[in-house]
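Chemist: Sharing a structure here in structure tokens format.
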Amino acid sequence: MGKGGGCVPSKKRSPLGESDHDEPNPVVDGSVQIEGQSPSTDARVPLQDGALQAVETNLRVFIVFYSMYGHVESLARRMKRGIDGIDGVEGVLYRVPETLSPEVLDQMKVPPKGDEVPVISAEQLVEADGLLFGFPTRYGCMSAQMKAFFDSTGQLWKEQKLAGVPAGFFVSTGTQGGGQETTAWTAITQLAHHGMLYVPIGYTFGAGMFKMDSIRGGSPYGAGVFSGDGTREPSETELALAEHQGKYMAMIVKRCSVPYSLDPDHST
């Protein structure tokens, strides 16, 4: 499914319902799997006789986020835990590029970002089997940093490289009426133009979606956190919802890994 295939994945994967552990990959002529091989869909190992053998690798969900004061990043990290908890799927964290100058960020007292989470380029999106985008709200819409990143995907849109890729959102807002739903809702236009498949979580979190005993961000559109004046930390309920969204997206990505083709001239 990588390389922008979305729900038109590689034919090397087993259909849904078949166990991933029933039969190991055959070893032919002493072939071995390379340790640390990049978990992409088309990894191959050379054999001694020069032939090639495909190697099964994990599906990958990219968690692409912008976080100014750390609230969205907290959700992103918990979301990765959820994704990694699903067999055969792994979450990969990425930041989008910053658009504000260091001087402005310093005046806004924005904490410095470490190097642990790399900055992603638009071209790297095609390597994902699923995408989760996280961002704070700006007047009920995504932040300027995330919008600038989407604006940089023009070539991918022109070639429809992301068509069919499952994608979802998670957000941060300052107040209860600040855009927990509209921030995700207005972002759906970005997915529509790319032909991506929007994956909301609905009410799959169960009873946790109905509790009224505490302040909680999140909605059927995706996980969310209330930041208040910037000092409020995400609650355990908000983090649990983020972890659930990660698991939910990982399961959707696995379901979309069933081999088939949208090309009428290449049926399977």
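Just so it is clear, none of the values below were taken in a lab; they were calculated from the coordinates. Note that this is a predicted model, so its numbers are computed, not measured. FYI the Cβ positions are ideal-geometry reconstructions off the backbone, even for glycines, and counts take in every protein chain you see.
Chemist: Filter the trypsin sites (Lys or Arg not before Pro) in the range 67-120 down to the DSSP loop ones having no more than 14 other Cβ atoms within 10 Å, then list what survives.
Modeler: Lys109
Chemist: Taking the highest mean first, how do the peptides 147-154, 65-72, 133-140 order by number of other beta carbon atoms within 10 angstrom per residue?
Modeler: 65-72, 133-140, 147-154
Chemist: Another question, if that's okay. Would you order Thr183, Thr175, Thr57 from fewest to most other beta-carbon atoms within 10 Å of each residue's own beta-carbon?
Modeler: Working: Thr183 28, Thr175 12, Thr57 20.
Ascending number of Cβ neighbours within 10 Å: Thr175, Thr57, Thr183.
Chemist: Next question, about the same structure. What's the exposure ranking of Leu100, Leu93, going from fewest to most Cβ atoms within 10 Å?
Modeler: Fewest-to-most Cβ neighbours within 10 Å comes out as Leu100, Leu93.
Chemist: When a footprinting reagent is the concern and you count Cβ atoms within 10 Å, what order do Ile201, Ile188 take, fewest first?
Modeler: Fewest-to-most Cβ neighbours within 10 Å comes out as Ile188, Ile201.
Chemist: How high is the relative contact order of the range 60-255, in percent, counting Cα pairs under 8 Å that sit 6 or more residues apart?
Modeler: Normalised by residue count, the contact order of the range 60-255 is 28 percent.
Chemist: Take the Cβ-Cβ distance between Thr231 and Tyr203 as r, set R0 to 41 Å, and report the resulting FRET efficiency rounded to the nearest 0.05. Working shown, then result.
Modeler: Numbers: r = 30 Å, r/R0 = 0.74.
The value I calculate is 0.85.
Chemist: Go through the range 88-103 residue by residue and turn each phi into a ³J(HN,Hα) via Karplus (6.51, -1.76, 1.60, θ = phi - 60°); whole Hz please, and just put x for glycine and proline.
Modeler: Once rounded to whole Hz, the list reads x, 10, 9, x, 10, 8, 9, 9, 8, x, 7, 10, 8, 6, x, 5.
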